[in-house]
Amino acid sequence: MKNGIPHITRKDINMPCVGLGTMLYPEPEKAVDLIKYALDYGYTHIDTARKYGSENWVGEAIKLSNISRDNLWVTTKVTEDNAKPDDFRKSLETSLSALNLDYVDLLLIHWPSRSVPIKDTVRALNDAKEEGLALNIGISNFTVPLIEEAVRYSKSELFCNQIEYHAYINQDKVLDACDKYGILVTCHVPLARGEILNDPIIKSIADKHNKSPAQIALKWLLQQSRISVVPRALSYKEIEENINIFDFNLSTDDMSQISTLRSNNLRIVNPEVRRPIWDY
C-alpha cells in the first residue's frame, strides 16, 4: 500500500490510524524482516515498548528501510517497574538508544503503578516532553479514575490512552472519559489475539464484503470516532491485510451487529501483577 494511511488528529497533530504492533514475536529471528517489510509496504506508525523487548528490532528495521524520520511515527512506553522519575528517565534513554532515535513521537506510561503516585510518574512524563525526548505524551491501560488523575497532574495535554479494545469487550466508560478530555484512543490487541476471527457474525459480514474477518474487526474499530489500532502481524500477508481496509465501509447494520458482541467482555491482557481495578 503506497497511497498513505489516513490519520486521526488532535489539535493539528496527525497520527496514522493504523500502526504495526510489535509485542510478542514467536520467532524473534523474523522480527526485523517483518518490521522492515511493513515500513517498505507503507506503514509509517510503529508501536513498541521497553517491556516488549522489540525496540532493538524496530531500530534495526528503521535503519534498514528508506523511510525518512519526518514520515515516521514511533510510540514507545515506560513500564510501571520504572515509574519513579529517575528510573523513568533512564528507561526512556535506554529506549531511545535501542531505537537509535533522538526522540519518539509518542511516549506512554505503559501501566499505572501500584506503588508510585501517578503524579510523580506524570511529572517525569511531562519532563520528557519538555526536554524534546517525546513530542507527545499519553497513558496506557488507564481506567476512568486513573485518567482523571493523570489529566489533573499533567501540565501538557495527554494525546492518547492506549487500551485493550476489540469487538469482544465493552469499553464505553473509558471511551467516554477519553472523549470528555479530548484524549484519542489507540487499541492494542484489536483482534483479541485471534479470539474474534471465527465469530459467526464477523465471518458473515466478512463474506458479504469479500474481506477477511480481521479486516472487518479492524474496520469496526476505525469507523468509531477518534480511534487508531496497532495490530500485530506475523506474516507478510497479515501486514498487507491489516492496512488494506480503506476501500470499503461497514453499514450501520454491520456496525450494530458487531457491537452486540461486546457483551462477551473478554479481556485478553489482564496481568494480575499490574492490572488496575477495571471499570466493569
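The numbers here are math on the coordinates, done by the rules we state, and not lab data. Computed from a predicted structure; not experimentally measured. Every residue, glycine among them, receives a Cβ derived from its backbone with ideal geometry; neighbour counts consider all protein chains shown.
Test LYS208 against the stated conditions and say whether it is assigned to a helix (DSSP H, G or I) and surrounded by fewer than 16 Cβ atoms within 10 Å (Cβ to Cβ).
Working: assigned to a helix (DSSP H, G or I): yes; surrounded by fewer than 16 Cβ atoms within 10 Å (Cβ to Cβ): yes.
Here the answer is yes, as LYS208 does meet what is asked.
Filter segment 239-265 down to residues that are of a type outside the set (S, T, N, Q), in contact (Cβ under 8 Å) with a residue 60 or more places away in the chain and either under 12 Å from ILE201 (Cβ atoms) or buried (at least 17 other Cβ atoms within 10 Å of the Cβ) (or both), then give me how many there are.
The total comes to 6.
Regarding segment 20-30, can at least one residue be identified that is among the aliphatic types (A, V, I, L, M) and either without any contact (Cβ under 8 Å) to a residue 40 or more places away in the chain or assigned to a loop (DSSP other than H, G, I, E, B) (or both)?
Taking every residue of segment 20-30 in turn, at least one turns out to be among the aliphatic types (A, V, I, L, M) and either without any contact (Cβ under 8 Å) to a residue 40 or more places away in the chain or assigned to a loop (DSSP other than H, G, I, E, B) (or both).
Quick one: in segment 47-78, which of the residues that are in contact (Cβ under 8 Å) with a residue 40 or more places away in the chain and among the polar types (S, T, N, Q) is farthest from CYS187 (Cα to Cα)?
Within segment 47-78, the match that is farthest from CYS187 (Cα to Cα) is ASN56.
Specify which of the listed residues (GLU148, GLU157, GLU164) is under 15 Å from VAL269 (Cα atoms), surrounded by fewer than 23 Cβ atoms within 10 Å (Cβ to Cβ), in contact (Cβ under 8 Å) with a residue 12 or more places away in the chain and within 21 Å of the chain's Cα centre (by Cα).
GLU164
Restricting to segment 184-202, name every residue that is surrounded by 15 or more Cβ atoms within 10 Å (Cβ to Cβ) and without any contact (Cβ under 8 Å) to a residue 60 or more places away in the chain.
Scanning segment 184-202 gives VAL185, CYS187, PRO190, LEU191, LEU197, ILE202.
Working only within segment 75-113, note down all residues that are polar (S, T, N, Q) and in a strand (DSSP E or B).
Those that are polar (S, T, N, Q) and in a strand (DSSP E or B): THR75, THR76.
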